[in-house]
Amino acid sequence: MYLSEIELGENVSEIGRGAFGCTSIDVLELSEKVEFIDNIFSDMHTSTKNEIYKITNTVIIKNPECEIETRSGEWGDVLIVCDENSAAMENAKKSNARCCTPEQYEKGEYDKVEVSPLDIFVCIKKYGMMFKETEDGLEVGKICCVKNGTVVIPDEVGGIPVVKYDYGVKATREGSDIFISIEDRIIEQYIDEIEKVVIGKNVKLLGPGAFTQCKNIKSVEGGEGLEKIGDQAFFELHKLEKFDFSDKLKEIESYAFYGCCNLTDVKLNNALEKIGANSFSECVSLDNIIIPDKVSTIGEAVFNDTHISTLVLPESVKNIGRDAFSCFSGDYKDRNEKVLVSVTKVDRVELKVLNPECEIDGDPFYKNSKDVYMYGYADSTAWNFAHKNQVLDFYAFGDANNDYQVDMSDIVLIMQSLANPNKYGLEGTDEHHITQKGIDCADVDNAGNGFTANDALKIQKYLLGQEKLV
């Protein structure tokens, strides 16, 4: 595809049909020893069969005795440059091909061909892919070739924005296994060559299975306008380390990044509303993530088998799915039992639920409730779950004295521990002195910034109905 020039051997006398089809050779000059040629630029890549495209290459013939194929229409829009009285000129006219003499060619005096910027061959040569028009702009139809391991989806083609890469690929299941075929989306021979993807700024949608099976992709960049990532778009890309998440991204569908075991840098934006089931499951190197405050549902197994030690669910989250959260440690292996990455065990696993009415479906901890510290409001759905399922411990926001209630006694203990630390502080002599757990629970004002009188004031305002604790 990217062959732009070639030096023919001095003994070449015949060149067959399609010898240089689907290359980037614009002009080919033949020596005087070439005696016969068919349409050497025909037969583009099989991906373009039955599609409309124009081949506008130029072939310069020096041998006046050189014969060319004379099938009518065979040469399409190829320009044949040869002497006026040559055999090639006679044959070219018989086949209704574009032709001119060398003198006319130098002066530009020959029939010009208008080529659309959406011409398939032009697009493949320039972008390595085909496009099709939609109501909103252009859609990437098929990736036909890859240069230097990189796929670049352009911002626009011929002034028309490229808005999506969605070929309608669907996954099929057999038992617990998932199978996806993307051969209609990317030429099979290039699937393993892709190491980097750059997404144009106008692309809004990456459809289901967009780059599944492209096992060597390490990074995905750009995509400033991306709004939706489809099912299994980057399914089991074990080498993927970096993905630029758009500030406009609203939806991540199921299994989108499932099994991306080396993905570490995930920064979700505030526009995000939906995180589908299993979307980050088995991302075992992912150790930190902030859930945006527009997300309303944490789907089933979203963060199952990650390395996230602390997950904070904002007040917007109304539902937590089954097996949503677990922390992986040990060797992560592929289907052939090859170790892909080894992950150390974290010392403490925490889930903080800021919505006191958040619905919890089944066990969100993948049967590991007893290994989790859970944070939430006293008498909340989180507290009820923790009480029934015997989590390792429950931390109630504002509960300084650890009686699983928030009232004036918590405010009193905070003030006592600050005023008389020898008696009521962490190492105080009074049997009811504050504990480390109590300090952690009481730290509600700018949580994480330390234990102060402002925490007592915030709890007081909470009891008066003036503020939320977190």
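One table, with the values for the structure above:
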quantity: Test: Val312 is more than 16 Å from Val284 (Cα to Cα), assigned to a loop (DSSP other than H, G, I, E, B) and either of a type in the set (Asp, Glu) or touching a strand residue (DSSP E or B) at 6+ places or on another chain (Cβ under 6 Å) (or both); calculated: no
quantity: Qualifying residue in segment 231-240 (condition: modelled with pLDDT of 95 or more, acidic (Asp, Glu) and closer than 22 Å to Met129 by Cβ); calculated: no
quantity: Pair list, Cβ < 8 Å and 6+ apart or interchain, from segment 370-381 residues that are farther than 15 Å from Asp403 by Cβ and not assigned by TED's automatic domain parsing to the domain that holds Val406 to residues that are part of a helix (DSSP H, G or I) and of a type in the set (Phe, Trp, Tyr); calculated: Met374/Phe385; Gly376/Trp383
quantity: Every pair of residues 6+ apart whose Cβ atoms lie under 9 Å, when the first sits in segment 348-365 and is over 10 Å from Ile298 (Cβ atoms) and without any contact (Cβ under 8 Å) to a residue 60 or more places away in the chain while the second is assigned to a loop (DSSP other than H, G, I, E, B) and acidic (Asp, Glu); calculated: Asn355/Glu315; Pro356/Glu315; Pro356/Asp379; Gly362/Glu300; Gly362/Asp323; Asp363/Asp323; Phe365/Asp323
quantity: Elements of type helices (runs of 4 or more DSSP H) contained in segment 67-170, each with 1 or more residues being within 47 Å of the chain's Cα centre (by Cα); calculated: 120-127
quantity: Cross-chain or 6+ apart pairs with Cβ under 8 Å, segment 197-208 first and over 11 Å from Glu139 (Cβ atoms), then part of a loop (DSSP other than H, G, I, E, B) and of a type in the set (Phe, Trp, Tyr); calculated: Val197/Phe211
quantity: When residues of segment 264-292 are limited to those that are touching a Lys or Arg at 6+ places or on another chain (Cβ under 8 Å) and not β-branched (Val, Ile, Thr), the one surrounded by the fewest Cβ atoms within 10 Å (Cβ to Cβ); calculated: Asn270
quantity: Residue selected from segment 214-248 under the condition over 11 Å from the mean Cα position of the chain (by Cα) and under 14 Å from Thr150 (Cβ atoms), by the criterion surrounded by the fewest Cβ atoms within 10 Å (Cβ to Cβ); calculated: Asn216
quantity: Residue match in segment 435-458 (condition: aliphatic (A, V, I, L, M), touching a Gly at 6+ places or on another chain (Cβ under 7 Å), part of a loop (DSSP other than H, G, I, E, B) and more than 28 Å from Ser316 (Cβ to Cβ)); calculated: no
quantity: Count of segment 102-127 residues which are surrounded by 18 or more Cβ atoms within 10 Å (Cβ to Cβ) and touching a Lys or Arg at 6+ places or on another chain (Cβ under 6 Å); calculated: 1
quantity: Filter result (among the acidic types (Asp, Glu), in a loop (DSSP other than H, G, I, E, B) and touching a Gly at 6+ places or on another chain (Cβ under 8 Å)) within segment 209-266; calculated: Asp231, Glu236, Asp244, Glu253
quantity: Selection from segment 375-413 of residues that are buried (at least 17 other Cβ atoms within 10 Å of the Cβ) and over 25 Å from Asn355 (Cβ atoms); calculated: Leu413
quantity: Those residues of segment 265-286 which are out of contact with any Leu (no Cβ under 7 Å at 6 or more places or on another chain), more than 16 Å from Ile229 (Cβ to Cβ) and touching a residue at least 40 places away in the same chain (Cβ under 8 Å), in sequence order; calculated: Glu282, Val284
quantity: Cross-chain or 6+ apart pairs with Cβ under 7 Å, segment 1-29 first and within 17 Å of Ile60 (Cβ to Cβ), then of a type in the set (Asp, Glu) and at pLDDT below 90; calculated: Ile25/Glu5
quantity: Complete set of residues in segment 459-470 that are part of a loop (DSSP other than H, G, I, E, B) and more than 22 Å from Asp393 (Cβ to Cβ); calculated: Leu464, Gly465, Gln466, Glu467, Lys468
quantity: Condition met for Leu268 (touching a Phe, Trp or Tyr at 6+ places or on another chain (Cβ under 7 Å) and under 26 Å from Lys333 (Cβ atoms)); calculated: no
quantity: Condition check for Phe36: in the same structural domain as Thr70 (by TED's automatic domain parsing) and farther than 19 Å from Asp83 by Cβ; calculated: no
quantity: Index of the failed condition, Lys333 passing every other in (1) in contact with a Gly (Cβ under 9 Å, 6 or more places away or on another chain); (2) closer than 22 Å to Leu263 by Cβ; calculated: (1)
quantity: Strands (runs of 3 or more DSSP E) lying entirely in segment 322-366 (those with 3 or more residues that are farther than 28 Å from Cys441 by Cβ); calculated: 330-333, 339-343
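The values are calculated or read from the model by the stated rules, or taken from the named source; none is laboratory data. Bear in mind that the values here come from a model prediction, so they are computed numbers and not experimental data. With ideal geometry, Cβ positions are generated from the backbone for all residues, glycine too; neighbour counts draw on all protein chains shown.
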